[in-house]
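Participant: Here's a structure for you.
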Amino acid sequence: LGVALRADNFALAMMLMVALVILGIGLYARADFATPPGVREARRPFVFWTLLLAIWGSLNLMFLSGDLFTLYVALELLTFTAIPLVSLDGRAETLRAALRYLIFALLGSVFYLLGAVLLYGAYGTLDISLLAARVGPGPATWVAAALMTTGLLAKTALVPLHLWLPPAHAGAPAAASAVVSGRVVKGSWFLVVRLWFEVRPGVVTVPAAQLLGGLGAAAIVLGNLVALRQQRLKLLVAYSTVAQIGYLFLMFPLAFPGGTPQPDGPLIGGTLQAISHATAKAAMFMAVGLIYKGLGHDRISDLAGVGRALPISVLTFVLAGLALTGLPPSGAYVAKKLLLESAGATGQWWWDLAMQAGGFLTAAYVVLVLAHALVPARDPVQVKAPVSRLAELAALVLALCSLLLGLVANNVGLPDALPGA
């Protein structure tokens with residue numbers, strides 16, 4: 001009944017990534033939420049910094065938790081700090097998006113808690129280490145697995161449970177979008193990994209693993225195709241997030257090709273993909289926020305001349321996009337290489353097609369935005385609001401981190417990222 005906390009390599013890797021992203025977002029947000037010396041802090045900055053630190057603490061608690069109930073507490077803390085951050089502007093549009101987010105999140109929490117109750121009733125414990133030794137195939141285990149996984153997928157925004165994510169990004173401040181896309185959705189994915197690879201690896205069925213992979217492949221294709229049809233830059237990046245989440249679930253059928261876990265390559269690849277996506281997508285949203293602030297809009301068709309007016313922001317967007325496509329030496333390149341090798345070794349060639357298609361579609365919308373940004377404007381672009389150089393550099397550094405992550409992984413060697421290692 002006690003609270004179990006532990007830090008394995010998997011948790012430490014995620015905690016370091018969160019610290020890096022939160023640091024970058026904090027530096028970026030100073031331009032909008034800093035309080036000058038001698039001035040009383042307004043309510044909006046106070047709420048923003050409080051929620052940002054609360055999200056950081058909730059994620060760290062999630063990564064360190066060793067029992068299913070503490071994980072539930074961390075999951076709820078994360079939900080009820082992320083939703084107010086999304087609706088920080090208080091406009092009707094953002095409040096509607098936050099309400100939709102809340103409904104999906106609460107339903108996900110109910111499903112997760114029901115599954116945890118079933119496991120406790122069947123095995124008498126919620127401790128992950130004890131459950132790993134006791135859980136066996138059976139109706140209670142399979143129903144609990146289905147309930148908990150479905151609930152977590154709703155919080156992760158995997159297709160078709162992604163309907164809350166794009167509206168939440170559309171009206172949220174850029175810093176909030178960077179947090180939600182770069183970090184919050186990874187928390188529930190982390191729980192899915194814990195449950196599948198550690199609590200019940202011996203009872204995972206091949207059809208269930210293939211279903212998760214199929215949903216991931218659908219997210220990659222659907223998210224990228226819808227992103228290409230967007231007229232607003234922020235919505236393009238939001239649907240790109242839907243697509244990138246799909247890569248994180250291709251690891252499941254590759255790690256359980258015959259029901260027996262073979263997690264080394266797929267799990268390390270999935271972890272690198274999560275870290276690379278977090279840094280790149282945070283940088284993308286930050287760059288889009290700067291472009292919106294400078295131009296007063298984010299319409300893709302009206303970006304002519306922005307490459308000359310805001311070169312660092314455009315460069316950040318392009319570098320983050322290149323990292324997401326999986327070009328070397330990005331972390332996504334190493335991650336996709338590991339996943340492709342696992343697909344070849346297990347004879348699951350159809351996942352290769354999904355990853356290759358995703359890379360081409362990601363490159364397509366990056367080139368689309370770059371083409372509009374580099375077109376000379378008829379009249380010189382007037383920057384409507386000054387853009388913070390510190391914010392530009394913070395976003396650029398995160399994009400470079402994602403682009404150069406592959407070099408770090410190759411130089412230090414791929415870590416043993418298995419849960420419990």
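The values are calculated or read from the model by the stated rules, or taken from the named source; none is laboratory data. Here the structure is a predicted model, which means the values were calculated and not measured. Counting neighbours? That spans all protein chains shown, and the Cβs are built from the backbone with ideal geometry, glycine included. Heavy atoms of the whole protein, side chains included, go into the accessibility calculation; ligands, DNA and RNA do not. Shrake-Rupley method; radii C 1.70, N 1.55, O 1.52, S 1.80 Å.
Participant: Give the value in nm², to one decimal: projected area of the alpha carbon convex hull of the stretch 125-184, averaged over all directions.
Facilitator: On the way: hull surface 22.6 nm².
With the hull built on Cα positions only, its mean projection is 5.7 nm².
Participant: Quick check: convex hull over the Cα atoms of the stretch 249-351, volume per residue in Å³, rounded to an integer?
Facilitator: Given the Cα convex hull of the stretch 249-351, per-residue volume reads 107 Å³.
Participant: What does the charge count around A345 come to, taking other residues whose C-beta lies under 14 Å from its C-beta (Lys +1, Arg +1, Asp -1, Glu -1)?
Facilitator: -2
Participant: Continuing with the same structure: Which residue, A357, A133, A82, has the most motion in a Gaussian network model of the chain that connects Cα atoms within less than 10 Å?
Facilitator: Of the options given, A133 has the highest mean-square fluctuation.
Participant: Along Cα→Cβ, 7 Å out, is where each label goes; now give me the distance between the ones at R229 and A132 in nm to one decimal.
Facilitator: 4.4 nm
Participant: Students often get this wrong, so try it: which of (1) 21.2, 75; (2) 20.8, 71; (3) 31.5, 106 is Rg and Dmax of the Cα atoms in Å as calculated from the structure shown?
Facilitator: Here the calculated entry is (2).
Participant: Gaussian network model of the chain, Cα springs within a sub-10 Å range: biggest mean-square fluctuation belongs to which of A175, A343, A132?
Facilitator: The residue with the greatest mean-square fluctuation here is A132.
Participant: Calculate, for F46 and I312, the FRET efficiency according to 1/(1 + (r/R0)^6) with r their C-beta to C-beta distance and R0 22 Å; round to the nearest 0.05.
Facilitator: The formula returns an efficiency of 0.15 here.
Participant: Something else: Under the Karplus relation 6.51 cos²θ - 1.76 cosθ + 1.60, θ = phi - 60°, what is the ordered set of whole-Hz ³J(HN,Hα) values for the stretch 36-53, x standing for Gly and Pro?
Facilitator: x, x, x, 10, 5, 5, 6, 5, 4, x, 4, 5, 4, 5, 4, 5, 4, 5
Participant: Find the relative contact order for the chain and round it to a whole percent, using C-alpha pairs within less than 8 Å whose residues are 6+ positions apart.
Facilitator: It rounds to 19 percent for the chain.
Participant: Among the lysines, which fall within straight-line cross-link reach of K336, defined as a Cα-Cα distance under 22 Å, with same-chain neighbours fewer than 8 residues apart omitted?
Facilitator: K186, K281
Participant: Right, next: Put a dot 7 Å past each Cα toward the Cβ at E341 and A377; how far apart are the dots in nm?
Facilitator: 4.7 nm
Participant: Excluding G326 itself, calculate the net charge of residues whose Cβ lies under 9 Å from the Cβ of G326, where each Lys or Arg counts +1 and each Asp or Glu counts -1.
Facilitator: Taking every other residue near G326 into account, the sum is +2.
Participant: Taking a cut-off of 12 Å between Cα atoms, list the aspartates and glutamates near K337, but don't count ones fewer than 8 places away on the same chain.
Facilitator: Partners found: D352.
Participant: Provide the net charge surrounding G289, with neighbours chosen by a C-beta distance below 12 Å and charges set as Lys +1, Arg +1, Asp -1, Glu -1. Before the final figure, lay out the partial values.
Facilitator: Working: positive: K234, K293; negative: D32, D298, E392.
Summing Lys/Arg as +1 and Asp/Glu as -1 gives -1.
Participant: Let me cross-check L78: its accessible surface, 1.4 Å probe, with only protein heavy atoms counted, in Å² to the nearest 10?
Facilitator: Result for L78: roughly 10 Å² accessible.
Participant: Hey, another quick one. Which distance in Å, rounded to a whole number, links the C-alpha centroids of the stretch 248-306 and the stretch 95-170?
Facilitator: One Cα centre to the other: 22 Å.
Participant: If you don't mind, there's one more thing I want to ask. Over its Cα atoms, what ratio of radius of gyration to 2.2 N^0.38 Å does the stretch 150-255 give?
Facilitator: On the way: Rg = 14.1 Å, N = 106, 2.2 N^0.38 = 12.9 Å.
For the stretch 150-255, the normalised Cα radius of gyration is 1.09.
Participant: Something else now. For the chain, report the accessible area per residue in Å² (1.4 Å probe, heavy atoms, rounded to an integer).
Facilitator: 39 Å²
Participant: Can you give me the % of accessible surface on the chain that is carbon or sulfur? Probe 1.4 Å, all protein chains present, nothing else counted.
Facilitator: On the chain, the fraction of accessible area on carbon and sulfur atoms equals 68 percent.
Participant: A follow-up question, please. Pairwise over distinct Cα atoms, reciprocal of the mean inverse distance: report the Kirkwood radius of the stretch 28-146 in Å, one decimal place.
Facilitator: 16.7 Å
Participant: Along the Cα→Cβ direction, 7 angstrom out, place labels at R6 and W349. What is the inter-label distance in nm?
Facilitator: If labels sit at R6 and W349, their model points lie 4.1 nm apart.
Participant: Can you tell me which of I83, I300, I103 moves the most in a GNM of the chain? Springs connect C-alpha atoms under 10 Å apart.
Facilitator: In this elastic network of the chain, the residue with the biggest mean-square fluctuation among I83, I300, I103 is I103.
Participant: Mind listing P(r) for the stretch 314-372? All alpha-carbon pairs, 10 Å bins, whole percents.
Facilitator: Computed distribution, short to long bins: 24, 46, 23, 7, 0.
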